[in-house]
Amino acid sequence: MICVDLAGVDQGSISLIAEPRRLILKGERAAPEPGPEAGSVLQILAMEIDHGPFLREFTFPAEVDPGRIEAEQRQGILWIRVPLRETT
């Protein structure tokens, strides 16, 4: 399992590229904007989260089955299940 914190990232902006020994995750997090409840915001003083494009590459010590990789995004967390390739 791979667990990735993707708070604020729209599911449509995430791409997974699966290979037998590598998984590439890329996407883009939009810059957060205060909602109308914030009133007249003049300046954001601190941001605890980066925005913009991102890319992560995971390499595996054994072959995985790219066709069986599953991903689910729940509450800002992306869970990726990466099953090993079955040997015969």
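In segment 2-24, of all residues being under 13 Å from Q73 (Cα atoms) and aliphatic (A, V, I, L, M), the one that is surrounded by the most Cβ atoms within 10 Å (Cβ to Cβ) corresponds to V9.
Contact map, segment 25-48: first residue touching a residue at least 40 places away in the same chain (Cβ under 8 Å), second residue open to solvent by 70 Å² or more (accessible area, probe 1.4 Å), Cβ cut-off under 9 Å, separation 6 or more or different chains; pairs are L25/L55; L25/R56; L25/E57.
Take the conditions (1) touching a residue at least 24 places away in the same chain (Cβ under 8 Å); (2) over 18 Å from R85 (Cβ atoms); (3) loosely packed, with under 10 Cβ neighbours inside 10 Å; R56 misses just one of them, which is (3). Which one is modelled with the lowest pLDDT among residues in segment 69-88 that are open to solvent by 100 Å² or more (accessible area, probe 1.4 Å) and at negative phi? Once the filter is applied, the top-ranked residue is T88.
If you go through segment 2-15 one residue at a time, do you hit one that is outside any loop (DSSP other than H, G, I, E, B), touching a strand residue (DSSP E or B) at 6+ places or on another chain (Cβ under 6 Å) and free of Cβ contacts under 8 Å to residues at least 60 places away in the same chain? Yes, because at least one residue in segment 2-15 is outside any loop (DSSP other than H, G, I, E, B), touching a strand residue (DSSP E or B) at 6+ places or on another chain (Cβ under 6 Å) and free of Cβ contacts under 8 Å to residues at least 60 places away in the same chain. So which residues in segment 16-28 are closer than 19 Å to E70 by Cβ, assigned to a strand (DSSP E or B) and not aliphatic (A, V, I, L, M), if there are any at all? Those that are closer than 19 Å to E70 by Cβ, assigned to a strand (DSSP E or B) and not aliphatic (A, V, I, L, M): E19, R22, K26, G27.
Scanning segment 34-64 for residues that are under 14 Å from I2 (Cα atoms) and charged (D, E, K, R) yields R56, E57.
When A31, A46, A62 are checked against the criterion of being open to solvent by 60 Å² or more (accessible area, probe 1.4 Å), more than 15 Å from G76 (Cα to Cα), in a loop (DSSP other than H, G, I, E, B) and out of contact with any Ser or Thr (no Cβ under 7 Å at 6 or more places or on another chain), A46 stands alone in meeting it.
Entry remark, segment 65-82: residues being more than 16 Å from C3 (Cβ to Cβ) and either touching a Leu at 6+ places or on another chain (Cβ under 9 Å) or assigned to a loop (DSSP other than H, G, I, E, B) (or both) number 2 in total.
The values are calculated or read from the model by the stated rules, or taken from the named source; none is laboratory data. For clarity, every value in this text was computed on a predicted model and none was experimentally measured. So basically every Cβ, Gly included, is an ideal-geometry build from the backbone, and we count neighbours across all protein chains shown. Just the protein is used for accessible areas: all its heavy atoms, side chains included, with ligands, DNA and RNA removed. Shrake-Rupley method; radii C 1.70, N 1.55, O 1.52, S 1.80 Å.
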